[in-house]
Amino acid sequence: MRTVLSALAMETLLLTSAAATEPMVFHRAHFPDHTVVSLSLVGNRAAASVKYDFDVFISLSQTRTEGEGAYSDPGKHKASIRCSPPAAVSVRGVDYPIPTPEGGMIDWKDDLWSAVCTRPLS
């Protein structure tokens, strides 16, 4: 079952990456001061660890809704993704369960997992 899920997720990730001409935004956060922070997938590969399916690279950008003061973080931030149960996103060696445990707020890690592990609807 894991092999099938991994193959489907890999196909989805590769198709999404091949079709994209720019980074794929998977999460946006809007703040009261009109700041918008966007997280984008900028790279992916098969995971280096057998515990995960993918290693992905994330970029961060910040804009204001008025269009001023754009900032783009020049770094690429690594996360590892496990699509099959127990689903997780790992950042700096810490595994975060997906979905976020009951009572917790859905956050960027849930959105990242969905962007990588679910087939796009057409």
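Restricting segment 85-105 to residues that are in contact with an Asp or Glu (Cβ under 7 Å, 6 or more places away or on another chain) and open to solvent by less than 80 Å² (accessible area, probe 1.4 Å) leaves a set whose member that is modelled with the lowest pLDDT is THR100. Selection of segment 44-76 for residues being open to solvent by 80 Å² or more (accessible area, probe 1.4 Å) and either within 23 Å of ILE106 (Cβ to Cβ) or under 15 Å from the mean Cα position of the chain (by Cα) (or both) yields ARG45, THR65, LYS76.
The values are calculated or read from the model by the stated rules, or taken from the named source; none is laboratory data. Note that the structure is predicted; figures quoted are calculated from it, not measured. So basically every Cβ, Gly included, is an ideal-geometry build from the backbone, and we count neighbours across all protein chains shown. When the accessible area is computed, the model is the full protein with side chains, heavy atoms only, and any ligands, DNA or RNA have been set aside. Shrake-Rupley method; radii C 1.70, N 1.55, O 1.52, S 1.80 Å.
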